Amino acid sequence: MGRAFEFRKERKFKRWGHMAKTFTKLGKEITIAVKQGGADVTGNPRLRALIQTARSENMPKENIERAIKKATDKDQGDYKEVVYEGYGPHGVAFLVETATDNTNRTVANVRSYFTKFGGSLGTSGSVEFMFDRKSVFKIEDKDSIDLEELELELIDYGAEEVFRDGGEDEDDPKYIMIYGEYTAMNKIQTYLESNNYTILSAGFDRFPNTDLKQVSPEAKETLEKLIEKLEDDEDVQNVYHNMAL
């Protein structure tokens with residue numbers, strides 16, 4: 001198993017947090033996808049994947065429709081995707097993905113969180129090189145699926161890791177995770193849809209590509225408070241770091 005598998009095992013139950021927060025984040029992503037590629041799901045693979053993700057998260061249909069409508073509503077402000085980079089305490093690198101309709105508010109909030117916990121907001125490019133961005137798919141697992149055969153097929157489409165996961169309890173059925181190159185999203189999605197695999201979710205993720213930062217238990221406690229503060233901000237979509245888990 002590769003680094004994506006190892007890092008995911010530690011974060012798998014922490015990514016989205018509470019249900020309401022999940023719906024808010026997905027709603028913003030859907031709105032942005034419609035703005036970028038239109039509301040026709042047949043011609044917008046990103047929107048198609050996000051709607052499937054929303055359904056797998058039990059997001060109500062009306063919430064999905066509202067997010068799509070928001071993209072065409074002239075009275076609504078546009079969301080901008082902005083990435084902030086910085087260092088938390090003890091030299092841990094942070095990369096914070098946001099979707100905001102007020103960048104002044106967002107940057108002020110993010111900067112205040114870093115400052116409060118002894119960190120600092122950095123300039124663009126200061127830490128992004130420490131993280132690899134990957135396409136991520138979660139598909140329904142079936143006994144009829146030959147994992148090795150699937151992996152061999154997907155390698156030609158840019159996949160890098162394919163493995164089974166889940167099945168730890170009744171609320172976590174088995175599924176298959178696929179990690180691939182960032183630019184391979186559309187190719188992998190097209191292959192899966194064309195071959196009738198059930199996509200449960202699809203999106204992007206980032207993983208540290210350098211040695212992880214080892215910190216003391218006390219330092220980790222402070223860093224986790226910073227992570228929690230960032231993730232609780234309504235403009236923040238994802239928080240990545242290179243702290244050893």
Item checked: Tally of residues being open to solvent by 40 Å² or more (accessible area, probe 1.4 Å) and within 18 Å of the chain's Cα centre (by Cα) across segment 146-166 -> 1
Note to self: Which count do you get for residues in segment 93-145 that are touching a residue at least 60 places away in the same chain (Cβ under 8 Å), exposed (fewer than 13 other Cβ atoms within 10 Å of the Cβ) and of a type in the set (Val, Ile, Thr)?
What the structure shows: 0
Margin query: Can you list residue pairs whose Cβ atoms sit under 6 Å apart, with the first residue in segment 214-242 being farther than 13 Å from Phe94 by Cβ and the second being among the charged types (D, E, K, R) and open to solvent by less than 20 Å² (accessible area, probe 1.4 Å)? Count only pairs 6 or more apart in sequence or on different chains.
Written below: Gln237/Lys25
Checklist line | Conditions (1) among the hydroxyl-bearing types (Ser, Thr, Tyr); (2) modelled with pLDDT under 95; (3) outside any strand (DSSP E or B); (4) touching a strand residue (DSSP E or B) at 6+ places or on another chain (Cβ under 9 Å); number of the one not met by Ser201 | finding: (3)
Notebook entry, point to check: From Val83, Val92, Val107, Val127, which residue is touching a His at 6+ places or on another chain (Cβ under 6 Å) and at pLDDT 95 or above?
Noted result: Val92
Check: Which members of segment 190-201 meet the condition of being open to solvent by less than 30 Å² (accessible area, probe 1.4 Å) and either within 10 Å of Leu154 (Cα to Cα) or among the acidic types (Asp, Glu) (or both)?
Finding: Tyr191, Leu192
Next item on the list: For Glu6, indicate whether it is open to solvent by 30 Å² or more (accessible area, probe 1.4 Å), modelled with pLDDT under 90 and outside any loop (DSSP other than H, G, I, E, B).
Entry: yes
Note to self: Can you go through Lys229, Lys174, Lys220 and tell me which one is touching a helix residue (DSSP H, G or I) at 6+ places or on another chain (Cβ under 6 Å), basic (Lys, Arg) and surrounded by 13 or more Cβ atoms within 10 Å (Cβ to Cβ)?
What the structure shows: Lys229
Next item on the list: Name the single residue, out of those in segment 204-226 being of a type in the set (Val, Ile, Thr) and either within 30 Å of Gly158 (Cβ to Cβ) or out of contact with any strand residue (DSSP E or B) (no Cβ under 8 Å at 6 or more places or on another chain) (or both), that is modelled with the highest pLDDT.
Entry: Thr222
Item checked: Which numbered condition Thr183 misses (of (1) among the β-branched types (Val, Ile, Thr); (2) out of contact with any Leu (no Cβ under 7 Å at 6 or more places or on another chain); (3) open to solvent by less than 50 Å² (accessible area, probe 1.4 Å)) -> (3)
Item checked: Tally, over segment 87-119, of residues that are closer than 13 Å to Lys229 by Cβ and either part of a strand (DSSP E or B) or not β-branched (Val, Ile, Thr) (or both) -> 13
Next item on the list: Please work out which residue is surrounded by the most Cβ atoms within 10 Å (Cβ to Cβ), limiting yourself to segment 35-47 and to residues that are among the charged types (D, E, K, R) and free of Cβ contacts under 8 Å to residues at least 60 places away in the same chain.
Entry: Lys35
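The values are calculated or read from the model by the stated rules, or taken from the named source; none is laboratory data. The shown structure was predicted, so the numbers you read here are calculated from the model rather than taken from an experiment. Using ideal geometry, Cβ is built from the backbone for each residue, glycine included, and neighbour counts are taken over all protein chains shown. These accessible areas exclude ligands, DNA and RNA; they are computed on the full protein's heavy atoms, side chains included. Shrake-Rupley method; radii C 1.70, N 1.55, O 1.52, S 1.80 Å.
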